Amino acid sequence: MKLFATSQIAGIDKYTIEHEPISDIDLMERAASTLVDWILHHAHPDQHMVFFVGPGNNGGDALAAARMLAWALPGIDVYVMDLGKRMSESANTNLERLQQQDRTQIVYLDADTPIPEIKATDWVIDGLFGSGLSRPLNGLPSKIVKHINASGAMVVAIDIPSGLMGEDNRENDRDSIIRADVTLTFQFPKISFLLPENALFTGSWLVQDIGLHPDAIEKTKTPFFYTDHQVARKLLKDRRTFAHKGNFGHALLIAGSYGKMGAAVLASRGCLRSGVGLLTAHVPRLGYSILQNSIPEAMASIDQSDLMFTQHPDLAPFDVIGIGPGLDTKCNTGRGFQRMLEEGPKKPMVIDADGLNLLAKNPESLKMLPPETILTPHPGEFARLTHPVKCGYERLQLAMDYARENGVVLVLKGAHTAITCPDGTCWFNSTGNPGMATAGSGDVLTGILLGLLAQGYAAKDAAILGVYLHGMAADLAVKESSQEALLAGDITQHLGLAFATLKDS
């Protein structure tokens, strides 16, 4: 799925109106009907609804929804914010229709009007401002927003929480943004929804399809994409009937150190479960029995050191190389990593965890990486590779620049993991859950990505597909247990079901 800046979405709206063709007011009716359908399926039949309405088309959506709901729900109050300006034409039309219906209480709020009490049992429908906002709220709008946020009521935002901007909120007033429990957004999630600092405002967000014109969506260029089931399925390769293990690659995983052999085990399992033909895990001598007892399917390569990685094996037999899980960053390990980059053939690579920390210690090593190496930092590791940032939007911009400038595929881990690519694109992931915030889940991902690379997936495709499957496996696991109890090993155990689910779709 493509994602767009709010200015582009406005253009797609305009194209739809002109080329479907459909009038602005009828497109508003279509949008409002999706809101009403969701509300009727989730609200109690006696639920009291309080609508807050602004002067633009977001307010028009709210007015249309209030009119439709008035036939089904007994208690609906509508508060129209009066800023001394004319409403948009379509919003004004819907206000007139609501007045003619004469089934709701309509109250106008200006700077001198007390804002009515909102009960904690009420549902507030936020239709104050839409996605076209370009500056922080102040004055009466800010006062209303703060009043709603303090009420304790269930808040449902239409399209976007009022006060939140669609992309960059670095200069925004966070106290003047609606804190929604649910956001019902039209056609596409806004880019700001995918950034961690804005989760407080969006709550759970759901995309409502309002039938914007497919030609406009196709023609409008964007660097941003959202990996959904359809995208992931197209990337997944089918296996030929007469294929053998030699067709699916031989991966080398360099991982583990004293006290951190679990990372090597988890990454190895992730690699094997992703469909690799052969896996050799290079581990310190003390890890030999652990590896062979835990994962009989993996072959072992033993380092000269008992405790850590110090010297790479002959790299000629391997198609791809992964390094980092549980590696540690001691001097001998750093020297061994550097020698491997200097001497080794330029084969596809995945670098994670302490491999990233070693890169951060010696940034010149970046120049030695094979083209489109996959790097998998969490925000802390990315800050070490670059520099600390103030918010997720700034981190995202930095990640996109970093991938372009260094020719790497950067997997910036977190909710809605962002994969930034040398071609300038950014792919947000749609799977996964907070249960994945547990030790070892990143090691499993490293193994999955390594296994896909070994099977001949391009680095970008391996990253997009691997991250999606990793999150899907975790989602399948929590259906049988809980987010709190999720272990990294549970992700590997459900990876087969994730592949099967994707194939059967």
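Rule-based calculations on the coordinates, nothing more; no lab input. In this text the structure is predicted, and so the values were computed from the model without any measurement. Using ideal geometry, Cβ is built from the backbone for each residue, glycine included, and neighbour counts are taken over all protein chains shown.
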> Residue-wise, which Karplus ³J(HN,Hα) couplings in Hz belong to the range 77-86, taking 6.51 cos²θ - 1.76 cosθ + 1.60, θ = phi - 60°, and x for glycine or proline?
Replying inline: 10, 10, 10, 9, 6, 9, 9, x, 10, 5
> Using alpha-carbon pairs under 8 Å, 6+ residues apart, how would you state the relative contact order of the range 231-504 in percent?
Replying inline: 20
>> Let's test the formula: R0 of 51 Å, r as the Cβ-Cβ distance of K347 and A10. What FRET efficiency results, to the nearest 0.05?
In response: 0.65
> To the nearest 10 degrees, how steep is helix 495-504 against the longest Cα principal axis of the chain, on a 0 to 90 scale?
Replying inline: 60
> Mean separation of Cα pairs under 8 Å and 6+ residues apart, divided by the residue count of the range 2-222: what relative contact order is that in percent?
Replying inline: 23
> By how many nm would the segment from A199 to K234 lengthen if fully extended, with 0.36 nm per residue of separation less the alpha-carbon distance?
Replying inline: 9.6 nm
> Any idea how far apart H44 and Y258 come out in nm if each label point goes 7 Å out from Cα toward Cβ?
Replying inline: 6.3
>> Given Cβ point charges of +1 (Lys, Arg) and -1 (Asp, Glu) and nothing else, what value in debye, to the nearest 20, does the dipole of the range 231-504 about its Cα centre take?
In response: 300
>> I need the semi-axes of the equivalent ellipsoid of the range 2-222: take the C-alpha gyration tensor, multiply each eigenvalue by 5, square-root it, list largest first in whole angstrom.
In response: 25, 21, 17
> So if R0 is 41 Å, what FRET efficiency would E218 and A500 give, r being the distance between their Cβ atoms, rounded to the nearest 0.05?
Replying inline: 0.85
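Placing +1 at every Lys and Arg Cβ and -1 at every Asp and Glu Cβ, with all other atoms neutral, what dipole size does the range 230-306 have around its Cα centre, in debye to the nearest 20?
Dipole magnitude for the range 230-306 comes out near 500 debye.
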>> Report the Cα centroid-to-centroid distance between the range 394-431 and the range 246-279 in angstrom, as an integer.
In response: 24
> Can you work out the FRET efficiency for the pair D82 and N138, with r the C-beta to C-beta distance and R0 = 25 Å, to the nearest 0.05?
Replying inline: 0.95
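Would you mind counting up the charge near N138? Only other residues with Cβ under 12 Å from its Cβ, with Lys and Arg at +1 and Asp and Glu at -1.
Combined, the nearby Lys, Arg, Asp and Glu give +1.
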>> List the residues, sorted by chain then number, that are 5 or more residues from F186 or on another chain and whose placed amide H is less than 5 Å from its amide H.
In response: D159, Q208
>> Just to be sure I understand: if I project the alpha-carbon convex hull of the range 231-504 onto a plane and average over all orientations, what area do I get in nm²?
In response: 13.6
> Translational D (Stokes-Einstein, µm²/s) of the range 366-505 at 20 °C and 1.002 mPa s when Rh comes from the Kirkwood sum over C-alpha pairs?
Replying inline: 140
> Under a plain spin-label model, where a point goes 7 Å from the Cα along Cα-to-Cβ, how far apart in nm are Y108 and K361?
Replying inline: 7.0
>> I need the peptides 171-177, 95-101, 154-160, 217-223 ranked by packing, meaning the mean over residues of other C-beta atoms within 10 angstrom, with the highest value on top.
In response: 154-160, 171-177, 95-101, 217-223
> aspartates and glutamates within cross-link reach of K245: Cα-Cα under 15 Å, excluding same-chain residues under 8 positions apart?
Replying inline: E297, D319
> Out of the DSSP beta bridges found with both residues in the chain, what percent are antiparallel (nearest 5)?
Replying inline: 15
> Can you give the three extents of the C-alpha atoms in the range 204-299 along their principal axes, from longest to shortest, in whole Å?
Replying inline: 60, 40, 22
> Residue by residue, what Karplus-based ³J(HN,Hα) values in Hz, rounded to whole numbers, does the range 35-48 have, using 6.51, -1.76 and 1.60 with θ = phi - 60° and x for Gly and Pro?
Replying inline: 5, 4, 4, 5, 4, 5, 7, 10, 8, 5, x, 9, 5, 7
>> Amide H of G130 versus every other amide H placed in the peptide plane: which residues, excluding those fewer than 5 positions away on the same chain, fall under 5 Å?
In response: N58
> Using the alpha-carbon centroid of each, what span in Å lies between the range 1-50 and the range 161-189?
Replying inline: 17
> Which residues in the range 139-159 place their backbone N less than 18 Å from a point set 7 Å from the Cα of E117 along the Cα-to-Cβ direction?
Replying inline: 147-154
>> Using the alpha carbons of the range 254-346, what is the convex hull volume per residue in cubic angstrom, as a whole number?
In response: 83
> In nanometres, what is the gap between the two model label sites at S482 and H244, each 7 Å from Cα along Cα-to-Cβ?
Replying inline: 5.0
> Which number comes out as Rg/Rh for the range 74-161 once both Rg and the Kirkwood Rh are worked out on C-alpha atoms?
Replying inline: 0.94
> Does anyone have the angle between helix 6-19 and the longest principal axis of the chain? Alpha-carbon axes, 0 to 90°, nearest 10?
Replying inline: 60
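If Lys and Arg each add +1 and Asp and Glu each add -1, what is the summed charge of the other residues whose beta carbon sits under 15 Å from the beta carbon of I106?
After counting each charged neighbour, the total is -2.
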> Using the Kirkwood radius built from alpha carbon pairs, what does the Stokes-Einstein equation give as D for the chain at 37 °C and 0.692 mPa s, in µm² per second?
Replying inline: 132
> If you place +1 on the Cβ of every Lys and Arg, -1 on the Cβ of every Asp and Glu, and leave all else neutral, what size is the dipole of the chain about its Cα centre, to the nearest 20 Debye?
Replying inline: 1520
> Can you run phi through the Karplus equation (6.51, -1.76, 1.60; θ = phi - 60°) for the range 216-226 and list ³J(HN,Hα) in whole Hz, with x for Gly and Pro?
Replying inline: 5, 5, 5, 7, 7, 7, 7, x, 9, 9, 10
> So what's the net charge close to L279: Lys and Arg +1, Asp and Glu -1, counting the other residues with Cβ under 12 Å from its Cβ?
Replying inline: +1
> Among the DSSP beta bridges whose two residues both lie in the range 231-504, what percent are antiparallel, rounded to the nearest 5?
Replying inline: 25
